[in-house]
Structures are given as structure tokens and as C-alpha cells.
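A.B. asks: Sharing a structure, written as C-alpha cells. Questions coming.
The values are calculated or read from the model by the stated rules, or taken from the named source; none is laboratory data. All of these numbers come straight from a predicted model, not from anything done at the bench. When we count neighbours, we look across all protein chains shown, and the Cβ atoms used for this are built from the backbone with ideal geometry, even at glycine.
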């Protein structure tokens with residue numbers, strides 16, 4: 001026999017059904033797994049724009065040590 005699923009206030013971020021305490025913040029194991037898959041495949045990656053290093057062009061090259 002399984003324990004009853006307690007519903008929490010709030011909605012599942014995947015399907016918008018009421019969240020369940022056992023799978024919080026999701027409503028079911030399925031939605032939990034869908035979210036995990038999205039993380040693992042990179043669907044939730046934050047796009048980044050790489051900027052050029054402004055100091056790299058302005059700074060003079062490092063002086064070379066003289067060998068004697």
C-alpha cells in the first residue's frame with residue numbers, strides 16, 4: 001500500500017497541475033523526470049555573450065628577460 005499523495009499550494013512548473021509533496025515542486029514522478037532530462041540535455045542552459053578582453057589590446061607586451 002502506498003502513502004497518499006499530499007497536494008501543496010503551487011503549480012507544477014512542467015504541466016501546471018497542483019504540486020505534490022512527494023515530488024515537490026512537481027506534481028508527479030513523470031514531470032520530475034522531464035525536468036531532469038531538460039537539465040541533463042542542456043535545455044536550461046543560460047546563453048552567454050563573451051566579450052573581448054579590453055585589457056589585452058591596451059597593455060604592452062611583457063618585457064623579455066635577457067640572458068647573459
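Rundown of residues vs (1) surrounded by 10 or more Cβ atoms within 10 Å (Cβ to Cβ); (2) outside any helix (DSSP H, G or I); (3) touching a strand residue (DSSP E or B) at 6+ places or on another chain (Cβ under 6 Å); (4) at pLDDT below 80, yes/no style:
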position: 32; (1), (2), (3), (4): yes, no, no, no
position: 47; (1), (2), (3), (4): no, yes, no, no
position: 55; (1), (2), (3), (4): no, no, no, yes
position: 60; (1), (2), (3), (4): no, yes, no, yes
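A.B. asks: Is there a residue in the stretch 8-18 that is at pLDDT below 80 and exposed (fewer than 10 other Cβ atoms within 10 Å of the Cβ)? I'd like the intermediate steps shown before the answer.
C.D. replies: Initially, the stretch 8-18 is screened for residues at pLDDT below 80, giving 8-9.
Checking which are exposed (fewer than 10 other Cβ atoms within 10 Å of the Cβ) leaves us with 9.
Looking for residues that are at pLDDT below 80 and exposed (fewer than 10 other Cβ atoms within 10 Å of the Cβ), one finds at least one in the stretch 8-18, hence yes.
A.B. asks: Something else now. For the structure I just gave you, tell me whether residue 27 is surrounded by 10 or more Cβ atoms within 10 Å (Cβ to Cβ), part of a loop (DSSP other than H, G, I, E, B), modelled with pLDDT of 70 or more and touching a strand residue (DSSP E or B) at 6+ places or on another chain (Cβ under 6 Å). Outline the logic, then answer.
C.D. replies: Numbers: surrounded by 10 or more Cβ atoms within 10 Å (Cβ to Cβ): yes; part of a loop (DSSP other than H, G, I, E, B): yes; modelled with pLDDT of 70 or more: yes; touching a strand residue (DSSP E or B) at 6+ places or on another chain (Cβ under 6 Å): yes.
Criteria met by residue 27.
A.B. asks: Shifting gears a bit: Residue 22 is checked against (1) touching a helix residue (DSSP H, G or I) at 6+ places or on another chain (Cβ under 8 Å); (2) surrounded by 11 or more Cβ atoms within 10 Å (Cβ to Cβ); (3) modelled with pLDDT under 95 and fails just one. What number does that condition carry?
C.D. replies: That leaves (1) as the condition not met.
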